Amino acid sequence: GKNEYDLLVIGGGSGGLACAKEAAQFGRKVAVLDYVDPSPQGTKWGLGGTCVNVGCIPKKLMHQAALLGGALKDAQRYGWNISQPVHHTWSVMAQAVQNYVKSLNWGHRVQLQDKKVKYFNMKGSFSDPHTIRGLTKAGKEAIVTAENIVIATGGRPKYPTHIAGALEYGITSDDLFWLKESPGKTLSSFIVYVSLECAGFLTGIGLDTTVMMRSIPLRGFDQQMASLVTEHMESYGTRFLKRCFPTKVEKLESNRLQVTWKNTDLGTEEADSFDTVMWAVGRAPDTETLNLETVGVKTNSDTGKIIVDAGEATSVPHIYAVGDITEGRPELTPTAIAAGKLLARRLFGQSSELMDYDNVPTTVFTPLEYGCVGLSEEAAVQRYGVDNIEVYHAHYKPLEFTVAERDAAQCYMKMVCLREREQRILGLHFIGPNAGEVIQGFALGIKCGATYPQLMKTVGIHPTCAEEITKLHITKRSGLDATVTGC
């Protein structure tokens with residue numbers, strides 16, 4: 001018999017929704033299955049996936065709350081009379097952020113309805129390559145068949161289950177954004193950058209915050225920039241326990257959490273108590289209940305992620321995967337959205353365009369933001385050799401920081417170029433206010449193959465931080481002082 005739908009998407013996050021809505025534009029019959037398993041601490045949310053509910057959106061809003069705290073301090077230098085002490089109320093912020101997220105959940109449901117996409121609030125698993133068995137929270141079953149199936153279930157935070165008490169007493173980013181009351185004194189043990197972002201805004205709103213890291217900060221990012229980000233956080237009050245790893249978490253009679261850890265540098269065991277312990281040790285692909293092995297969808301045995309080709313196709317014809325669940329792709333909302341849309345166009349719109357994962361810009365929303373596009377200095381050296389790259393750099397001071405007498409020691413930018421005649425730009429890295437806004441504009445030029453001479457012909461907007469990129473002229477190779485002075 002004929003399959004019920006032309007396209008069925010499992011997972012209502014950024015990539016899945018984008019793919020479903022795009023397919024519907026071509027007049028195809030489309031359905032989306034989405035179901036959120038509560039976190040181990042019982043947190044659950046609505047349609048929209050990680051970004052909307054427990055990722056970019058609440059994170060950026062809470063980051064903004066912390067930036068406003070800093071602005072209040074600056075404001076006094078600019079003549080504003082602000083009565084002291086200034087106090088932040090977590091519950092007011094949390095309620096406002098959570099209300100906005102709920103409005104987005106509702107908006108996604110309305111959009112699906114408007115585009116005539118059928119929405120099933122069900123957990124899906126494969127029965128055969130064209131059939132999905134859906135299960136509601138109450139245990140009601142539905143069988144859905146489709147010509148094409150897209151897996152877009154993303155990932156969920158991992159727990160370090162080898163640490164005693166980690167699962168019982170710890171939370172993850174899945175829980176932090178939905179807390180009704182302040183997390184209080186917080187320990188964040190991390191590998192992934194969301195931990196730094198969370199620690200940054202927790203410190204910014206006045207909470208005692210400690211970050212424990214076993215190895216390097218911001219793995220996969222340029223390490224010089226990563227060090228500047230953590231230095232800035234330290235100078236503004238976030239405590240860092242470097243080269244340490246937790247061994248157990250215990251609940252005290254006071255309800256506080258006692259964390260014991262090993263310091264690998266000193267070879268000592270240490271302990272402290274916290275109100276909240278947040279784990280940020282990476283994300284695991286949400287594939288457990290999909291029944292992939294039954295239909296033969298191949299995954300990477302190390303990561304659990306689905307192996308796809310350049311067209312997002314899995315090892316099984318008519319089954320595709322997009323977003324964080326796919327092997328070797330950046331775990332970023334905009335790449336998932338773009339990949340989902342392009343897949344729908346290839347399936348139903350006579351397009352042959354593939355997603356281009358090169359030169360994808362991104363930003364880490366730490367208190368001093370870090371934006372980048374292209375290769376890190378380390379990756380450029382590895383690919384082209386140290387003698388074949390030129391690095392232009394500058395330490396600058398945002399004009400806004402001058403009257404406020406803010407320290408700008410970590411405000412820094414660098415541009416990694418090929419050293420050959422045309423000096424094509426391989427990577428651009430910027431630490432400073434509004435880094436995302438700055439890098440987004442330059443990303444277009446770098447995507448188009450911009451060169452250093454072209455950038456030097458670009459007129460800067462004065463007085464901005466981004467303008468300093470158009471004036472980069474000192475190379476690391478020269479050994480000259482790269483500090484920008486005056487106009």
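Taking Glu181 as the residue in question, decide whether it is at pLDDT 95 or above, over 23 Å from Thr287 (Cα atoms) and acidic (Asp, Glu). Here the answer is yes, as Glu181 does meet what is asked. Applying the selection to segment 375-396, what residues are among the aromatic types (Phe, Trp, Tyr) and either open to solvent by less than 10 Å² (accessible area, probe 1.4 Å) or touching a Cys at 6+ places or on another chain (Cβ under 8 Å) (or both)? Matches in segment 375-396: Tyr392, Tyr396. Only one of the numbered conditions (1) modelled with pLDDT under 95; (2) closer than 29 Å to Thr289 by Cβ is violated by Pro85, and that is (2). Restricting segment 296-322 to residues that are under 19 Å from Leu342 (Cα atoms) and without any contact (Cβ under 8 Å) to a residue 12 or more places away in the chain leaves a set whose member that is surrounded by the fewest Cβ atoms within 10 Å (Cβ to Cβ) is Asp309.
Within segment 361-374, no residue satisfies the criterion of being open to solvent by 20 Å² or more (accessible area, probe 1.4 Å) and of a type in the set (D, E, K, R). Pairs linking a residue in segment 160-189 that is not assigned by the TED database to the domain that holds Glu270 to a residue that is of a type in the set (D, E, K, R), with Cβ atoms under 9 Å and 6 or more positions apart or on different chains, do not occur.
Checked against the criterion of being of a type in the set (S, T, N, Q), more than 28 Å from Arg346 (Cβ to Cβ) and not assigned by the TED database to the domain that holds Ser182, segment 137-155 has no qualifying residue.
Table: residues versus (1) surrounded by 15 or more Cβ atoms within 10 Å (Cβ to Cβ); (2) within 30 Å of Asp309 (Cβ to Cβ); (3) of a type in the set (Ser, Thr, Tyr); (4) not assigned by the TED database to the domain that holds Lys180.
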| site | (1), (2), (3), (4) |
| --- | --- |
| Gly49 | yes, yes, no, yes |
| His63 | yes, no, no, yes |
| Gln76 | no, no, no, yes |
| Ile82 | no, no, no, yes |
| Val101 | yes, no, no, yes |
| Arg109 | yes, no, no, yes |
| Asp114 | no, no, no, yes |
| Gly124 | yes, yes, no, yes |
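Within segment 214-243, the residues that satisfy the criterion of being hydrophobic (A, V, I, L, M, F, W, C) and within 17 Å of Val364 (Cα to Cα) are Ile216, Leu218, Phe221, Met225, Ala226, Leu228, Val229, Met233.
Counting only strands (runs of 3 or more DSSP E) wholly contained in segment 177-291, the ones carrying 1 or more residues that are over 30 Å from Thr131 (Cα atoms) occupy 186-190, 209-213, 239-242, 244-251, 257-263, 268-274, 276-280.
Is at least one residue of segment 397-411 part of a helix (DSSP H, G or I), open to solvent by 80 Å² or more (accessible area, probe 1.4 Å) and at pLDDT 95 or above? Within segment 397-411, one or more residues are part of a helix (DSSP H, G or I), open to solvent by 80 Å² or more (accessible area, probe 1.4 Å) and at pLDDT 95 or above.
Output the residue which, of all residues in segment 24-59 that are assigned to a helix (DSSP H, G or I) and among the hydrophobic types (A, V, I, L, M, F, W, C), is nearest to Ile171 (Cα to Cα). Once the filter is applied, the top-ranked residue is Val54.
Give me the residue from segment 239-265 that is in contact with a Gly (Cβ under 7 Å, 6 or more places away or on another chain) and either at pLDDT below 95 or surrounded by 15 or more Cβ atoms within 10 Å (Cβ to Cβ) (or both) and, out of that set, nearest to Leu218 (Cα to Cα). This residue is Val249. Does Ala435 fit the bill of being touching a Gly at 6+ places or on another chain (Cβ under 8 Å), touching a residue at least 12 places away in the same chain (Cβ under 8 Å) and open to solvent by less than 50 Å² (accessible area, probe 1.4 Å)? For Ala435, the condition - touching a Gly at 6+ places or on another chain (Cβ under 8 Å), touching a residue at least 12 places away in the same chain (Cβ under 8 Å) and open to solvent by less than 50 Å² (accessible area, probe 1.4 Å) - is met. Evaluate the following for Ser195: is it under 18 Å from Pro40 (Cα atoms) and at pLDDT below 95? In short, no.
The values are calculated or read from the model by the stated rules, or taken from the named source; none is laboratory data. All values derive from a computational prediction rather than experimental measurement. Heads up, the Cβs are rebuilt from the backbone with ideal geometry, glycines too, and the neighbour counts pull from every protein chain shown. What goes into the accessible areas is simple: the full protein's heavy atoms, side chains included, and nothing from ligands, DNA or RNA. Shrake-Rupley method; radii C 1.70, N 1.55, O 1.52, S 1.80 Å.
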